[in-house]
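K.L.:
The structure follows.
Here, each number is a calculation from the coordinates, and none is a lab measurement. Because the structure is predicted, anything quoted here is derived from the model rather than measured. With ideal geometry, Cβ positions are generated from the backbone for all residues, glycine too; neighbour counts draw on all protein chains shown.
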Amino acid sequence: MNAEFVKLEFDGPIALVTIDRPKALNALNLQVLAELDAAISQVTANPDARALILTGGGEKAFVAGADIGEMANYTTTQALAFATRGHQVLGRLEALPIPTIAAVNGFALGGGLELALACDLIYASEKAKLGLPEVSLAVIPGFGGTQRLTRLLGRARAKELIFTGDPIDGAKAKELGLVLEVVAPDALMVRCKEVAQKIASRGPVAVSQAKRVIEAGADLPLKDANELERQAFGLLFGTEDQREGMRAFVEKRKAAFKNA
Ligand code: DAK
């Protein structure tokens with residue numbers, strides 16, 4: 001991939017995306033968003049990808065936010081266009097049919113935390129600092145942070161983080177349920193790859209249907225959400241992988257799934 005700030009590598013079934021602009025602590029400008037968008041397209045086009053890990057390049061940051069220098073002189077129209085672009089790209093990341101994991105290896109502030117929030121699972125290093133400090137700059141989160149954080153933590157906790165703008169460390173983020181685990185910096189990628197590999201070993205159609213019904217069901221009344229689950233459960237019995245998974249169990253061997 002010919003990109004300056006976003007690297008994409010495939011390690012077997014795992015897509016590893018690195019926002020790599022360490023001189024600006026991986027801040028998101030329009031170019032980074034465009035390159036991230038292109039990386040998402042490449043992952044979408046790879047039928048062998050089963051999980052995606054997103055992290056930040058360099059030693060200090062996951063992503064320290066939207067690029068403040070680029071935004072500083074935006075007009076209202078430009079700000080709206082920037083927010084539209086951010087929502088579009090993060091929305092595409094969120095809508096990937098494979099699970100996505102944010103490996104938060106340092107600062108995840110503003111747009112950086114919003115990017116992590118668009119992933120399915122968040123793991124953090126002991127060096128991580130997470131927050132939505134936008135009100136310190138007299139703006140509000142513009143890439144979905146007010147909504148995704150509120151859905152994840154509830155209104156009061158999201159309001160405290162957003163109104164104060166104070167960053168929190170990994171331990172506090174874990175206590176709140178924002179991150180799943182906090183591990184030593186050296187162990188972060190190992191842990192994320194372990195989780196990704198495990199997910200990749202499961203029935204791919206089932207994993208992606210599980211993601212779909214969890215996401216789509218979250219915005220529906222329980223009765224309608226359960227109906228989504230019921231339909232997906234039934235449809236999975238029309239897949240080759242369901243036959244293989246259950247036959248392998250009965251035959252006491254490892255299943256060989258085909259994503260079919
Ligand atoms: N943007 C641009 N450059 C950044 C940056 C950012 N968000 N964060 C850091 N950098 C740059 C610094 O300017 C510095 O560049 P040089 O001076 O070396 O050229 C370099 O990265 C290293 O940063 P520091 O020297 O500051 O490093 P420290 O270790 O001292 O401090 C820090 C690290 C993360 C505490 C500090 O850099 C910091 O406070 N950064 C800003 C964090 C922040 O406020 N993040 C939120 C950004 S606002 C919207 C759309 C989107 C958004 C809002 C509205 N609409 C369109 C409505 C989203 C907003 C945000 O994300």
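K.L.:
Given a Förster distance of 25 angstrom, what is the FRET efficiency for Leu220 paired with Asp166, based on the Cβ-Cβ distance and rounded to 0.05? All intermediate terms of the calculation are to be shown ahead of the outcome.
P.N.:
Numbers: r = 34 Å, r/R0 = 1.35.
Rounded to the nearest 0.05, the efficiency is 0.15.
K.L.:
Sorted from largest down, give the three principal axis spans of the alpha carbons of the chain, whole angstrom values.
P.N.:
Taking the Cα atoms of the chain, the three principal extents are 62, 42, 36 Å.
K.L.:
Using Cβ contacts closer than 10 Å as the measure, can you line up Lys174, Lys258, Lys60 from fewest to most? Spell out each step's value before the answer.
P.N.:
Working: Lys174 18, Lys258 12, Lys60 15.
In increasing order of surrounding Cβ atoms, one gets Lys258, Lys60, Lys174.
K.L.:
Please identify, among Asp166, Asp224, Asp67, the residue showing maximal mean-square fluctuation in a Gaussian network model of the chain using a 10 angstrom Cα cutoff.
P.N.:
Highest fluctuation of the listed residues: Asp224.
K.L.:
Could you work out the equivalent-ellipsoid semi-axes for region 67-130, taking the square root of 5 times each eigenvalue of the Cα gyration tensor, largest first, in whole Å? Write down the numbers at each step before the final one.
P.N.:
On the way: eigenvalues 118, 59, 6 Å².
Rounded to whole Å, the semi-axes are 24, 17, 5.
K.L.:
Given the rule -39500 (n - 2.57) for each run of at least 4 DSSP H residues, summed and divided by the residues of the chain, what is its mean residue ellipticity at 222 nm, to the nearest 500 deg cm²/dmol? Before the final figure, lay out each step's value.
P.N.:
Details: 11 runs with 128 residues, N = 260.
Taken over the chain, the calculation gives -15000 deg cm²/dmol.
K.L.:
Return the lysines within reach of Lys7: Cα separation strictly under 16 angstrom, same-chain partners fewer than 8 residues apart disregarded; answer none if there are no such residues.
P.N.:
Candidates past the 8-residue exclusion: Lys23.
K.L.:
Pick out, from Gln42, Leu121, Gly106, the residue whose Cα sits farthest towards the positive end of the charge dipole of the chain, with +1 on the Cβ of Lys and Arg and -1 on the Cβ of Asp and Glu.
P.N.:
Towards the positive end, the residue furthest out is Leu121.
K.L.:
Suppose the chain between Asp48 and Gln231 were pulled fully straight at 0.36 nm per residue; how much longer would it get relative to their current alpha carbon spacing?
P.N.:
Details: separation 183, 0.36 × 183 = 65.88 nm, distance 2.54 nm.
Full-extension gain reported as 63.3 nm.
K.L.:
Would you mind estimating how fast region 168-260 diffuses translationally, via Stokes-Einstein at 25 °C and 0.890 mPa s with the Kirkwood radius over Cα pairs, in µm²/s? Mind showing how you got there, number by number?
P.N.:
Details: Rh = 15.9 Å.
Diffusion coefficient, whole number: 155 µm²/s.
K.L.:
Also: What share of Cα pairs, in percent, lie more than 14 angstrom apart in region 125-164?
P.N.:
On the way: 362 of 780 pairs.
Beyond 14 Å sits 46 percent of the P(r) for region 125-164.
K.L.:
Turning to a different aspect of this structure: Sorted from largest to smallest, which semi-axis lengths in Å does the alpha carbon gyration tensor of region 42-177 give for its equivalent ellipsoid, taking the root of 5 times each eigenvalue?
P.N.:
Values: eigenvalues 99, 76, 41 Å².
Each semi-axis is √(5λ); the values are 22, 20, 14 Å.
K.L.:
About its Cα centre, how strong a charge dipole does the chain have in debye, to the nearest 20, once Lys and Arg get +1 and Asp and Glu get -1 at the Cβ? Display every interim value, and only then the final one.
P.N.:
Values: 30 positive and 31 negative charges, 131 e Å.
Result for the chain is approximately 620 debye, rounded to the nearest 20.
K.L.:
Turning to a different aspect of this structure: For region 35-192, give me the percentage of DSSP beta bridges that are antiparallel, rounded to the nearest 5 percent. Walk me through the numbers before you get to the answer.
P.N.:
Working: 2 of 18 bridges.
Roughly 10 percent of the DSSP beta bridges within region 35-192 come out antiparallel.
K.L.:
How far apart, in nm, are the 7 Å Cα→Cβ label points at Leu152 and Glu251?
P.N.:
4.1 nm
K.L.:
Continuing with this model, one more query. Please compute the modelled spin-label separation between Glu4 and Ile68, points set 7 Å along Cα→Cβ, answer in nm with one decimal.
P.N.:
2.2 nm
K.L.:
Now for a different question. Compute a Gaussian network model of the chain, connecting alpha carbons closer than 10 Å, and tell me which residue from Met246, Met71, Met189 fluctuates the most.
P.N.:
Among Met246, Met71, Met189, the largest GNM mean-square fluctuation belongs to Met246.
K.L.:
May I ask you to derive the FRET efficiency for Thr84 and Ala210 from their Cβ-Cβ distance with R0 = 25 Å, giving the value to the nearest 0.05?
P.N.:
Here the calculated transfer efficiency is 0.25.
K.L.:
Under a 5 Å amide H to amide H cut-off, with H placed in plane at 1.01 Å, what residues pair with Phe62 once short-range neighbours are removed?
P.N.:
Under 5 Å from the amide H of Phe62 lie the amide H atoms of Asn105, Gly106, Phe107, Ala108, each far enough along the sequence or on another chain.
K.L.:
Checking the table Lys127/Lys254; Lys129/Lys193; Lys60/Lys159; Lys127/Lys252; Lys174/Lys252 against a 31 Å threshold on Cα-Cα, which pairs fail?
P.N.:
Where the Cα-Cα span goes over 31 Å, the pairs concerned are Lys127/Lys254; Lys127/Lys252; Lys174/Lys252.
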